[in-house]
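This report refers to the structure that appears directly beneath it.
The values are calculated or read from the model by the stated rules, or taken from the named source; none is laboratory data. Small disclaimer: the values here were computed from a predicted structure and weren't measured. Note: ideal-geometry Cβ built from the backbone for every residue, glycine included; neighbour counts use all protein chains shown. Note: areas computed on protein heavy atoms with side chains; ligands, DNA, RNA excluded. Shrake-Rupley method; radii C 1.70, N 1.55, O 1.52, S 1.80 Å.
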Amino acid sequence: MPITAKRRKARKEAEVTLARLQDLAKEQADRLGPYADQAKDQAALTLLQARGWTAPRLETAAQRVEDTVAPRVAGLLTNAAQRIDPKPARRGLRLFRSGGRRIPRGVVIGGAALVGGVVVYSLIRLRQASQDAEWQEHLDQAREQVRETRENLEDKATEVADSAARTAKATKAKAKEKVRATSGEGEAPDNGRPGK
């Protein structure tokens, strides 16, 4: 068999095999297509959940780096810049240095402790003053209640005394009337003259 015939035969077989594979691929695509769509949807949902879980943690990590690492790096860079600077500017506590000497750490700590003590003492005094004012207010209220109670009792005692005095006068007047009435029974109608 000549080579061209072999080539044609091989091409024909390749075309038949390719057609058969294409049909098989279409069948498999029709059969597995819904599963692929479902897997795609599930992968999208899982990716969304993973992004939702990761985002707050990345933000927290960024804040921690900003709060801890960044100030240290900035401090190191600032110190390096000050050491390298040929004409350093005098700022802050450095103004109090005499002759370029450093202020002793104990003096700085002692000053900070003194300021802290003054602040604590003033807060305690302020709290005590507010408590004293509150207690004075309660004491004034109690005194006012005692004064009102005393006035009410005095008014009631005056009323009772007046009522008792009126009752005593009325009883005395009745007693006098009874005495007059009983002593006047034996007398004659002509005012004490012996009867006829």
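Structural remarks
- Residue in the range 4-11 that is loosely packed, with under 10 Cβ neighbours inside 10 Å and either polar (S, T, N, Q) or touching a Leu at 6+ places or on another chain (Cβ under 9 Å) (or both) present: yes
- Residue 46 falls short on exactly one of the conditions (1) modelled with pLDDT of 90 or more; (2) open to solvent by 80 Å² or more (accessible area, probe 1.4 Å), and that condition is (2).
- Output for the range 30-43, where each listed residue is among the hydrophobic types (A, V, I, L, M, F, W, C) and open to solvent by 70 Å² or more (accessible area, probe 1.4 Å): 32
- Matching entry among 175, 188 (being assigned to a helix (DSSP H, G or I), open to solvent by less than 80 Å² (accessible area, probe 1.4 Å) and at pLDDT below 90): 175
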